[in-house]
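Single-structure report; data block below.
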Amino acid sequence: METLILNGSPRMKGDTASLLELLRKLLPGEITEVRAYSQKISPCVDCRYCWAHAGCCQQDDWLLVDEALRRCDSVVLASPIYFSELTGPLLSVLSRLQQYYCARAFRGEGLPFPPKRGGLILTGGGDGSPRRAQETGETLLRQMGCREIFPTILCHHTNTTPAIREPGVEKRLQALADFLKR
Ligand SMILES: Cc1cc2nc3c(=O)[nH]c(=O)nc-3n(C[C@H](O)[C@H](O)[C@H](O)COP(=O)(O)O)c2cc1C
C-alpha cells in the first residue's frame, strides 16, 4: 500500500503536522509526503501545452507528485484554512492537476493513474466556515482519481485547542487510516 500526503501548512511543527505525524504511525506501507511550502513546483500558467501533448512543459518537482500518483492507492490532502480556503501554495501546486483534466477534456484520454481513496484533513483557528476549503479539497481529490473520500477530519478550534488535543481526533484518524487501507 502507498499513500501520497499533500501538506499545505508552512509550519513544520504546527497543527496540521501534528495530525499527519499521528496518521503516519497508523498507516501501513509507503508514504510520500509533498510539502507545498518547500517543494519547488511552479503553478500552472495555462500555456495549453497539455491540450495537445501528454505531460507538462514545466519540468520541476511536480514529477515527484506525478510518479506518486501513478503508484499510490490513496491520497491525503492536509491543510490549514486560510481565509476560508486551502492555503495559496497548496492551491498553486495542485493547479498542475490541470494537465490530467486536459488529457480528458481535449485529448480524449483517461486519468493516467488508478482509482484511489481520499482523505481530507483541515485545521483552522475557528473563524468563518470550513465549507469552501472542504469543497475545494474534495474537488482536488476527485481530480486525482479519488472515487471514495472519507468524511473530512476538521479541527476548527486551534486558536484555543491544539488540533492534536481536539476531542476524538485520534479515533477519527484511526478511522481514516482503516478506510485508506481497506
Ligand atoms: C493568513 C491566515 C489566514 C487564516 N484564515 C483562517 C480562516 O479563514 N479560518 C480559520 O478558522 N482559521 C484561519 N487561520 C488560522 C489557521 O488556520 C490556524 O492557525 C491553523 O491551526 C494553522 O495550521 P498549521 O499550524 O498546521 O499551519 C488563518 C491563519 C493565517 C496565517
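Values quoted throughout were computed directly from the atomic coordinates according to the rules given, and no laboratory measurement underlies them. No experiment lies behind these values; they were computed from the predicted model shown. For neighbour counting, all protein chains shown are included, and Cβ atoms are generated from backbone atoms with ideal geometry for every residue, glycine included.
Things worth noting here:
- Helix 169-181 and the longest principal axis of the Cα set of the chain meet at an angle near 30°.
- Shown is the FRET efficiency for residue 143 and residue 182, computed with R0 = 35 Å from the Cβ-Cβ distance and rounded to the nearest 0.05: 0.95.
- Proximal aspartates and glutamates to residue 40, defined as alpha-carbon separation beneath 18 angstrom and excluding residues fewer than eight positions away on the same chain: 60, 61, 66, 67
- 65, 93 arranged by Cβ crowding within 10 Å, fewest neighbours leading: 65, 93
- Secondary-structure-derived ellipticity at 222 nm for the chain, considering helices only, amounts to -10500 deg cm²/dmol, per-run term -39500 (n - 2.57) for DSSP H runs with n ≥ 4.
- Note on residue 25: lysines with a C-alpha under 17 Å away, same-chain residues under 8 apart excluded, are 13, 171, 181.
- 37 °C / 0.692 mPa s Stokes-Einstein diffusion coefficient of region 84-158, Kirkwood radius on C-alpha pairs, µm²/s: 244 µm²/s
- P(r), alpha carbons of region 2-181 - 5 Å bins starting at zero, rounded %: 1, 9, 18, 21, 21, 15, 8, 5, 2, 0, 0
- Applying a 4.7 Å Cβ-Cβ cutoff to the chain, the cysteines left without a disulfide-compatible partner are 44, 47, 56, 57, 72, 146, 155.
- Look at 144, 1 and count the other Cβ atoms within 10 Å of each Cβ; fewest to most, that gives 1, 144.
- Placing unit charges on the Cβ atoms of the charged side chains and taking the dipole of the chain about its Cα centre, the candidate lying farthest along the positive direction among 134, 115, 105 is 115.
- Using Cβ point charges alone (K and R +1, D and E -1), the dipole size of region 2-181 about the Cα centre works out to roughly 120 debye.
- Cα-based helix-to-principal-axis angle, 62-71 vs the chain, degrees rounded to 10: 80 degrees
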